[in-house]
Amino acid sequence: MKFFVDTAEINEIKELAATGLLDGVTTNPTLIAKSGRDFKEVIAEICAAVEGPVSAEVTALDADGMVAEGKKLAKIAKNVTVKVPLTLDGLKACRTLSQAGTMVNVTLCFSANQALLAAKAGATFISPFIGRLDDINIDGMELIREIRQIYDNYDFGTEILAASIRTANHVKEAALIGADVATVPPAVLKGLVKHPLTDKGIESFLADWKKTGQAI
Ligand code: E4P
């Protein structure tokens, strides 16, 4: 499973990139607003810090507008992935941009049929939002399961990018189902390494090692 981090905070991105565990980045207009920075400037900085795909979202609602914005964003760096919403216009823009060789992430996916359409439109990534479905008492993980099955049935190359992840358990479940990528908030990503028994084990090993009086 690939790990993307879901943030526009460059320092967090650099810190995670240094671990060698980061495969890409996703942003959205809310995260850009939160960063308080210029959109294109921050995307350029993230693209320089990370080798993998960096999602930058369009804000136009019509296909032509999305394509025009997508082309501008794609010029920033070769690892820019243009993010378009899951609407008919978004799918139209997805087709045009992907045919022109631009990576496209179709976002705000809440049903298996939407994911099927995105794959047919040539999406590089489909982003089903797990947490937002859970928020309205619909099992977000079931959507990942359905999309996996459909994409496998027809050998679609579109990668399932599990999004709106809120917990470590979301990551585990998405990995068990076979999502290709998980985009995870920095705190959740860093939390994946933690286990109290690991800390306890280190503590007792070090205490015993000290008794030997040796150095490595
Ligand atoms: C994905 O690309 C989105 O930016 C993100 O995962 C949305 O998560 P949220 O529902 O926690 O805002």
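Derivation of every value follows stated rules applied to the coordinates shown; laboratory data play no part. Because the structure is predicted, anything quoted here is derived from the model rather than measured. Here Cβ is always computed from backbone atoms with ideal geometry, including for glycine, and neighbour counts include all displayed protein chains.
A dipole drawn for the stretch 33-158 from +1 and -1 charges on Cβ atoms has a positive end, and of THR107, THR81, ALA68 the residue lying farthest that way is ALA68.
A cut-off of 5 Å between modelled amide H atoms, ignoring neighbours fewer than 5 places along the same chain, links LEU86 with THR107.
Name the trypsin sites (Lys or Arg not before Pro) in the stretch 54-118 that are in a loop by DSSP and that have at most 14 other C-beta atoms within 10 Å, would you? Kindly include the intermediate steps, with their values, before the conclusion.
Values: sites: LYS71, LYS72, LYS75, LYS78, LYS83, LYS92, ARG95; in loops: LYS75, LYS78.
Filter output for the stretch 54-118: LYS75, LYS78.
For LYS71, the aspartates and glutamates whose Cα comes closer than 19 Å to its Cα, not counting residues fewer than 8 places off in the same chain, are ASP38, GLU41, GLU45, GLU57, ASP62, ASP89. Backbone geometry of the stretch 156-171 corresponds, through the Karplus equation with coefficients 6.51, -1.76 and 1.60 at θ = phi - 60°, to 3J(HN,Hα) couplings of 5, x, 4, 8, 7, 10, 5, 10, 6, 7, 10, 9, 4, 5, 4, 5 Hz, x marking Gly and Pro.
Going by the alpha-carbon gyration tensor, a ≥ b ≥ c the square roots of its eigenvalues, is the stretch 4-129 rounded (a/c under 1.5) or, if a/c is not under 1.5, prolate (a/b greater than b/c) versus oblate?
Prolate, because a/c is 1.5 or more and a/b exceeds b/c.
With θ taken as phi - 60° and the Karplus curve 6.51 cos²θ - 1.76 cosθ + 1.60 applied, the whole-hertz 3J(HN,Hα) list for the stretch 119-136 is 5, 5, 7, x, 4, 6, 10, 10, 10, x, 9, 5, x, 5, 6, 4, 4, 9 Hz, x standing for glycine and proline. For the residue pairs LYS40/LYS172; LYS172/LYS194; LYS2/LYS190; LYS2/LYS194; LYS34/LYS72, the alpha carbons lie more than 24 Å apart in LYS40/LYS172. Per-residue 3J(HN,Hα) values for the stretch 68-77, derived from phi via the Karplus relation 6.51 cos²θ - 1.76 cosθ + 1.60 with θ = phi - 60°, read 4, 5, x, 5, 5, 5, 5, 6, 4, 6 Hz in sequence order (x marks Gly and Pro).
With bins 5 Å wide beginning at 0, the percent of Cα pairs of the chain falling in each bin runs 1, 7, 15, 17, 19, 15, 10, 5, 3, 3, 3, 2, 1, 0, 0.
Can you give me the relative contact order of the stretch 1-60 as a percent, contacts being Cα pairs under 8 Å and 6 or more apart? Numbers along the way, then the final one.
Details: 78 pairs, mean separation 23.5, N = 60.
Dividing the mean separation by the residue count of the stretch 1-60 yields 39 percent.
Given +1 at the Cβ of Lys and Arg, -1 at the Cβ of Asp and Glu and no other charges, the dipole of the chain around its Cα centre is 320 debye to the nearest 20. Between ALA17, ALA119, ALA33, the GNM of the chain built on Cα springs shorter than 10 angstrom shows ALA33 fluctuating the most. With a ≥ b ≥ c the root eigenvalues of the C-alpha gyration tensor of the stretch 116-179, is it rounded (a/c under 1.5), prolate (a/b larger than b/c) or oblate? Prolate shape, in that a/c is at least 1.5 and a/b is the bigger ratio.
Which of the three applies to the stretch 165-213, rounded, prolate or oblate, going by the alpha-carbon gyration tensor with a ≥ b ≥ c and a/c under 1.5 meaning rounded? Show your work: numbers first, answer last.
On the way: a/c = 4.24, a/b = 3.15, b/c = 1.35.
Judged from the Cα gyration tensor, the stretch 165-213 comes out prolate (a/c at least 1.5, a/b above b/c).
For the chain, averaging the sequence separation of C-alpha pairs within contact (under 8 Å, six or more residues apart) and dividing by the residue count gives a relative contact order of 17 percent.
Under 5 Å from the amide H of MET103 lie the amide H atoms of VAL82, each residue being 5 or more positions distant or on a separate chain, with H modelled from the backbone and absent for Pro and chain starts. Between amide H atoms placed 1.01 Å from N, distances below 5 Å from SER55 occur with VAL25, THR26, THR27, THR81, all of them 5 or more places distant or on a separate chain.
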